[in-house]
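Note sheet for the following structure.
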Amino acid sequence: MDSAVIAEKRGSLGLLTLNRPQALNALTHGMIRTLASALADWAADDAVKTVVIRGAGRAFCAGGDVRAVRQAVLDGTQEGANLLRDEYRLNALIGSYPKPYVALLHGITMGGGAGISVHGTYRLADPGLVFAMPETAIGFIPDVGASHFLSRLPAGMYLALTGARIGVGDAGGLITHVVAQENFAHVIEGLARGESPEAIIAPLARKPEPDVLAPHRRRIETIFSAASVEAILERLDRDGSEFARDTAQTIRAMSPTSVRLTFALLRQAAKLDLKQCLALEYRLARRVIVSSDFREGVRAALVDKDRAPQWKPASLAAVGAVDGFFASSGDELF
């Protein structure tokens with residue numbers, strides 16, 4: 001059991017607390033294994049009626065430990081790929097969990113934090129939530145089942161390509177209720193007494209206010225329905241609004257390979273179930289983590305923190321076809 005996860009039973013409740021606040025609860029391999037073990041045990045425990053997961057400190061979970069994945073690649077080991085394998089299997093377990101699974105979200109919830117929350121039954125978000133899938137900025141792809149939920153959102157392709165940060169007002173489909181963090185303890189207490197999640201949550205839920213994407217929703221849906229990344233950029237350039245200019249600039253700053261892979265991934269994922277999406281993401285991820293862009297992206301964002309990655313290839317045109325990334329690898333997830 002990893003000390004960065006506290007797994008405890010309180011009456012009818014199985015309570016998981018991510019307890020690595022100094023790292024914004026970023027998921028290590030040990031944390032992933034501990035979460036999976038506790039969930040497996042509680043699934044077979046009749047005394048546990050509901051499971052809750054929360055994060056200590058000022059964030060729910062900032063993502064997976066991509067620095068460790070990068071280091072494993074540099075060291076020539078399979079530990080990075082193994083971490084991703086176990087993380088995606090954990091995401092699948094949450095998506096098919098036989099009991100109500102309640103995620104209490106506050107502060108930063110990104111990457112791997114989405115994987116251990118969005119696939120659950122209830123996602124309660126504090127109004128201060130900051131949600132993003134920023135993988136294209138580090139030479140990676142939206143994973144942890146993100147291809148499944150983003151491909152089903154009207155603004156999903158926009159969020160995937162840009163890594164834009166959104167709040168609760170833009171998070172429809174990602175969260176189920178807006179509940180103030182100060183009421184999270186009340187939710188936990190009620191579930192521990194054996195009350196139903198709906199009975200506890202409904203009186204506490206509030207209506208979210210429209211957020212920053214609200215004025216641009218029609219523009220986003222129209223532009224990001226284009227048939228290629230190049231066509232999206234052409235529509236953004238032709239639109240000419242400040243929002244469109246900023247969005248085009250953001251996409252052009254991302255890893256061209258990641259952008260092209262992400263676009264292709266979401267187009268395929270729209271027709272797949274969660275397990276199929278995770279299996280496809282794993283196939284891609286195993287190839288992407290050994291690429292120069294992943295090593296460079298993580299270096300620039302999280303190691304040296306110079307925010308100046310040198311992508312190779314440096315343009316979409318130079319990337320070419322990405323079909324090879326999607327080919328069966330012989331090491332499938334399920």
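Please treat every number below as a calculation from the coordinates, not as lab data. Because the structure is predicted, anything quoted here is derived from the model rather than measured. Here the Cβ positions follow ideal geometry from the backbone for every residue, glycine too, while neighbour counts run over all protein chains shown.
Tell me the Kirkwood hydrodynamic radius of the range 45-141 in angstroms, computed as one over the mean inverse distance between distinct C-alpha pairs.
On the way: mean 1/r = 0.0688 Å⁻¹.
Result for the range 45-141, one decimal place: 14.5 Å.
What is the percent of Cα-Cα separations in the range 188-327 that go past 23 Å? Write out the running numbers ahead of the final one.
Details: 5406 of 9730 pairs.
Summing the P(r) of the range 188-327 above 23 Å gives 56 percent of all pairs.
Out of the DSSP beta bridges found with both residues in the chain, what percent are antiparallel (nearest 5)?
Bridges in the chain that DSSP calls antiparallel: roughly 30 percent.
How big is the shadow of the Cα convex hull of the chain, averaged over all directions, in nm²?
16.3 nm²
Below 8 Å between Cα atoms, with a sequence gap of 6+, how large is the relative contact order for the chain in percent?
17 percent
How would the range 5-97 be classified by its alpha-carbon gyration tensor: rounded, prolate or oblate, with rounded meaning a/c under 1.5 and the a/b versus b/c comparison settling the rest?
Oblate is the answer for the range 5-97, as a/c is 1.5 or above yet b/c matches or exceeds a/b.
Using only Cα atoms and rounding to the nearest 10 degrees, what angle (0 to 90) does helix 29-43 make with the longest principal axis of the chain?
50 degrees
With a cut-off of at most 11 other beta carbons within 10 Å, and DSSP calling the residue loop, which trypsin sites (Lys or Arg not before Pro) in the range 273-334 qualify? Please list them. Could you put the intermediate results ahead of the total?
Values: sites: 275, 283, 286, 287, 295, 299, 305, 307; in loops: 305, 307.
Sparse-neighbourhood loop trypsin sites (Lys or Arg not before Pro): 305, 307.
Taking amide H positions as placed 1.01 Å from N in the peptide plane, with prolines and chain starts having none, which residues 5 or more places from residue 50, or on another chain, fall under 5 Å of its amide H?
14
Provide the descending list of Cα extents for the range 86-230 along its principal axes, expressed in whole angstroms.
54, 37, 21
Using only the Cα atoms of the range 254-299, build the gyration tensor, take square roots of its eigenvalues as a ≥ b ≥ c, and label the shape rounded, prolate or oblate: rounded if a/c is under 1.5, else prolate if a/b is larger than b/c, else oblate.
Cα axes put the range 254-299 in the oblate bin.
Where in the range 1-105 are there trypsin sites (Lys or Arg not before Pro) that are in a DSSP coil and have at most 14 other Cβ atoms within 10 angstrom of their Cβ?
Counting only loop positions with at most 14 other Cβ atoms within 10 Å, the trypsin sites (Lys or Arg not before Pro) in the range 1-105 are 58.
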